[in-house]
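We did not get these values from a lab; they are worked out from the coordinates using the rules stated. Because the structure is predicted, anything quoted here is derived from the model rather than measured. Glycine gets a Cβ as well: all are built from the backbone with ideal geometry, and neighbour counts include every protein chain shown.
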Amino acid sequence: MKQKLLYAVAITFGAIFLITGCRKRDAVAADNLVIFETAAQGITATESSIIVRVTLSRPTDRDIPVTINLAEQGVIYGTDYTTTPAATAGNLTVTIPSGNNETAFTVTKSSGVLFDGDEKIVFDLFSSGAPVFIGLTRQFTLNFAELVATNAGLTVNGGGVLFPNKVFIDLSANRQTAVNRNSWDLGFYTGTDDFRVILNSSSAMMAKQIAKNDLTQVTDADTTGFSTQVAFNQFAPVAASLPYIDYPNGDLTRTAIAAVSATDADNKVYIVNRGTGPGSPAPARGWKKIRVLRNASGGYTLQYADIAATTFQQINIAKDEAYFFKYISFDNGAVNVEPEKKKWDLAWTYFSNVTNFGTGEVPYLFQDIIIQNRNVQVVRVMTATRAFADFGEADLTGLTFSSLQATIGSDWRSGGGPTTQPAVRADRYYIIKDGDNNYYKVRFTALTQNGERGYPAFESVLVKKG
């Protein structure tokens with residue numbers, strides 16, 4: 001009996017050891033890799049410089065130096081271009097700071113130099129500081145001409161689980177532009193056909209008109225009840241708040257702020273809830289009172305102040321046909337947000353959306369939303385109809401495209417509610433027609449990076465060049 005007991009103990013101990021050993025091996029983190037954000041980009045004739053990003057799989061607890069070799073084809077350093085930081089003897093060194101997962105360097109064309117369009121530089125990751133290894137995308141080719149990418153993929157730099165960035169994506173240029181989603185408040189439409197103002201839909205903003213048209217006459221008393229009515233409530237959303245957001249399909253006739261009238265007296269004051277910023281809990285961004293007028297130069301005049309202020313600030317916003325919107329921050333005035341209208345197609349963002357829990361639409365904040373530019377059209381294709389790899393130019397016939405801003409929206413992923421984990425839907429992909437009539441097929445390949453949300457990935461393939 002004693003021998004049997006000892007044998008059982010030995011077997012149990014051995015099992016525990018094996019289980020523990022397996023868990024230790026499973027817990028070993030994957031290699032931390034340094035790569036270029038993309039494999040190729042082009043610098044257009046109208047651009048004087050371009051930013052090239054180098055990323056890590058995950059941040060480290062130390063600075064990571066990275067040495068990059070340069071191989072020139074048809075260009076000479078110092079004559080045709082320079083870099084920041086400067087290159088020496090055919091290589092440059094950048095440092096990814098401790099706690100960060102990326103760094104960047106800038107390539108700047110020399111003033112007055114003309115390019116034929118066949119010049120390029122191949123940047124090669126030569127070495128990296130321990131404990132980081134060089135990953136698969138170790139080379140980046142910069143073409144001195146506009147690039148129409150034929151097959152590309154990106155990991156979107158959303159900034160992590162708090163979704164601090166809104167990221168604009170240009171499929172043809174294989175380029176992304178990440179902007180802190182709290183860096184602006186209002187967007188002013190630049191089209192010649194209308195005067196419209198949009199809210200920052202990535203920061204849960206709302207706005208409500210009041211029956212006054214003089215900011216100096218607005219006080220706290222004019223905002224009674226607004227803290228619950230003009231605000232998102234994820235736990236108990238109400239349809240009564242719906243008029244105070246910009247409707248998510250992008251229809252400019254359904255914005256919280258009415259069209260700006262040519263008659264000043266018709267332009268009322270709005271109380272604006274600036275929403276929240278990234279954080280857990282998300283910090284409130286405060287409230288403003290605003291009034292928007294047309295000005296003599298054909299643009300806008302924005303008046304704004306704190307609710308209780310007896311004076312206000314004023315700023316003029318000119319229309320610019322290169323963009324769809326020009327942006328203003330209450331803190332910093334005019335700011336750059338979205339790229340020029342021909343230089344982005346899709347955007348990944350935290351988003352002021354609507355949903356229906358069975359009693360009608362209510363405002364509801366969504367993560368991992370994909371929206372499209374105003375000159376872009378999208379249609380979904382199910383893999384049961386045509387596999388991604390098999391879709392070709394002939395398959396474009398008969399498709400019905402949509403110009404609605406949130407055509408993709410959250411359709412590319414499943415789950416994400418209180419009881420389900422989100423995941424990429426592998427049974428669908430999207431055909432994107434960009435502003436230059438290029439057609440791309442796009443499928444999403446990841447929702448997370450190293451298990452962290454805020455870094456989705458996709459693949460795009462050119463179907464037909466415009």
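Odds and ends about this structure:
- Reach of LYS433 by Cα under 16 Å, taken over aspartates and glutamates that are not fewer than 8 positions away in the same chain: ASP170, ASP345, GLU393, ASP395, GLU459
- Calculated SAXS-style log₁₀ I(q)/I(0) at q = 0.22 Å⁻¹ - region 159-257, Debye, Cα scatterers: -1.33
- Euclidean distance of C-alpha centroids, region 348-392 and region 75-123, integer Å: 37
- Three-way shape call for region 72-188 based on the alpha-carbon gyration tensor, with the a/c threshold at 1.5: oblate
- Directionally averaged projected area (convex hull, Cα atoms, region 127-209), nm²: 9.9
- Approximate spin-label separation ASP331-ILE134, in nm, with each point projected 7 Å along Cα-to-Cβ: 4.0
- Remark on ALA40: its backbone amide H falls under 5 Å from those of THR141, a criterion applied only to residues 5 or more positions apart or on other chains, H modelled at 1.01 Å from N.
- Pairs of alpha carbons in the chain whose separation is greater than 34 Å (percent): 44
- Between the amide H of ALA446 and those of ALA457, distances stay under 5 Å, these residues lying 5 or more places away or on another chain, with hydrogens modeled in the peptide plane.
- At full extension, GLU340 and ARG62 could sit 96.4 nm farther apart than now, given 0.36 nm per residue minus the alpha carbon distance.
- Pairs of Cα atoms farther than 21 Å apart, region 186-335, %: 42
- For region 346-464, the percent of C-alpha pairs falling in each 5 Å distance bin, counted from 0 to the bin holding the largest distance, reads 2, 10, 20, 22, 20, 13, 8, 3, 0.
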